[in-house]
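Take a look at the structure set out below.
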Amino acid sequence: MEKNLDNVEYLALSGGVGGAKLVLGLSQILAPEKLIVVANTADDFKHIGLNISPDLDTIMYTLANLNNSELGWGQTKETWQFLDALGRLDQETWFKIGDRDLATHIVRTTKLDNGETLSQVTKELCFSLGVKHQLIPMTNDKVATVVHTKSGQSIPFQQYFVRDRCVPKVRGFEFQGIATAAPSPSFLKSLESPKLRLIIICPSNPYVSIDPILRMRGVLDLIAERRIPVVAISPIISGQALKGPAAKMMEELGELASAIGIAKHYRTLYRDMLTGFIIDEKDRRLEADFTEMGLRAIATNTVMVTLQDRINLAQEVLRFGSRITI
Ligand code: GDP
């Protein structure tokens, strides 16, 4: 844990897998009261009667040391009796729900049906699983990502992502409900907190994980008002995504599949919100291009294989953030 007793807070905006890796690193060096993690909930959906929040669960299981590192999602030591039984009843089984994972979805659904907010439910689930750091949904309202494909179909996100394995070519994304969704109260509190020192945009998919968080009403204006550093870490290394469809999406949308493309995406949508960018050491040759863009960038190892990789990157992010003056 950080020895420095400074009264400061760090806010991390995260999707699922890529974001959770860095969040774990941050959680190892920051005391619980200093780290606030806001997760994308535009991937959330209702499936076989259950409220499922994939990104919240990936982060929660990761921080609880319960994540399934082989699959990259779900819980460790998972069993699949429920899914097998569901298949025997001729129900859809493309979205894999393990027996342990099922308990989370049932508890979440029951509590939401009883009138609790997603923020309250997340807090209670985290408490039960021993997660000490603050994990917050971006909103308590419903936001649903729809993928518009080049063939003219519009597909709910999880069907595109899991059932169709990201095969359809994308034309664009729509976040249904985003215009009226309010950022969750704890997210707003964190954005307004005088202790806030740095906003970290995790190495998550910019289109479907980070954009929904930033595009909610008032978020961008609040960030701009704060005049604090905002540092993003590239999820694209040597033109490739380490996992998932980010690079494929970039190509299909006509953007440059590279760390530069990620920075340009954020620049185009969010003007001068970004004040620093971290690229992988394999992309070091791009540093000059960032300087040309007027964006401070550093290169370091961003491939998080071991826990130490996660901690090292988290330390680098905090060091870089502390050197940026606005
Ligand atoms: P999802 O919601 O589960 O798709 O997860 P995220 O949006 O948080 O993360 C997906 C992105 O994480 C992908 O574009 C990956 O390239 C990126 N990613 C995964 N692992 C790593 C890593 O170790 N380092 C970096 N820099 N990016 C990563």
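The table for this structure:
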quantity: Cα-Cα over 24 Å, subset of LYS123/LYS264; LYS77/LYS142; LYS96/LYS243; LYS46/LYS248; calculated: LYS123/LYS264; LYS77/LYS142; LYS46/LYS248
quantity: Value of Rg to Rh for the chain (Rh from inverse mean 1/r over Cα pairs, i.e. Kirkwood); calculated: 0.95
quantity: 20 °C / 1.002 mPa s Stokes-Einstein diffusion coefficient of segment 183-326, Kirkwood radius on C-alpha pairs, µm²/s; calculated: 137
quantity: Value at 222 nm in deg cm²/dmol, rounded to 500, when DSSP H runs of n ≥ 4 in the chain each add -39,500 (n - 2.57); calculated: -11000 deg cm²/dmol
quantity: Per residue Cα convex hull volume in Å³ - calculated over segment 2-128; calculated: 114
quantity: Solvent-accessible heavy-atom area per residue, rounded to whole Å², over segment 109-237 at 1.4 Å; calculated: 45
quantity: Per residue accessible area of segment 1-89, 1.4 Å probe, in Å²; calculated: 41
quantity: Reciprocal mean inverse distance between Cα atoms of segment 102-206 - Kirkwood radius, Å; calculated: 16.3
quantity: Crossing angle, helix 99-113 versus the chain [Cα axis fit, 0-90 degrees, rounded to tens]; calculated: 90
quantity: Principal axes of segment 111-160: Cα extent on each, largest first, Å; calculated: 45, 23, 15
quantity: Among GLN176, GLN158, GLN75, residue whose mean-square fluctuation peaks in a GNM of the chain (springs only between Cα atoms under 10 Å); calculated: GLN176
quantity: For the chain, with +1 on Lys and Arg beta carbons and -1 on Asp and Glu, the positive-most of VAL17, MET293, ASN68 along the dipole; calculated: MET293
quantity: Alpha carbon centroid spacing (whole Å) that separates segment 295-317 from segment 1-76; calculated: 17
quantity: Nearest-20 debye value, the chain charge dipole, Cβ charges on Lys, Arg, Asp, Glu; calculated: 400
quantity: Stretch gain in nm, segment LEU253-ALA31, where the contour uses 0.36 nm per residue and the Cα spacing is subtracted; calculated: 75.9 nm
quantity: Fraction of antiparallel bridges per DSSP, the chain only, in percent to nearest 5; calculated: 40
quantity: For segment 179-326, with +1 on Lys and Arg beta carbons and -1 on Asp and Glu, the positive-most of SER190, ALA246, ALA257 along the dipole; calculated: SER190
quantity: Carbon/sulfur fraction of accessible area - the chain, other protein chains in place, 1.4 Å, %; calculated: 51
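The values are calculated or read from the model by the stated rules, or taken from the named source; none is laboratory data. Everything numeric in this text was worked out from a predicted model, so none of it was measured. Virtual Cβ from ideal backbone geometry, glycine too; neighbours counted across all protein chains shown. Heads up: the accessible areas ignore ligands, DNA and RNA and are worked out on the full protein's heavy atoms, side chains in. Shrake-Rupley method; radii C 1.70, N 1.55, O 1.52, S 1.80 Å.
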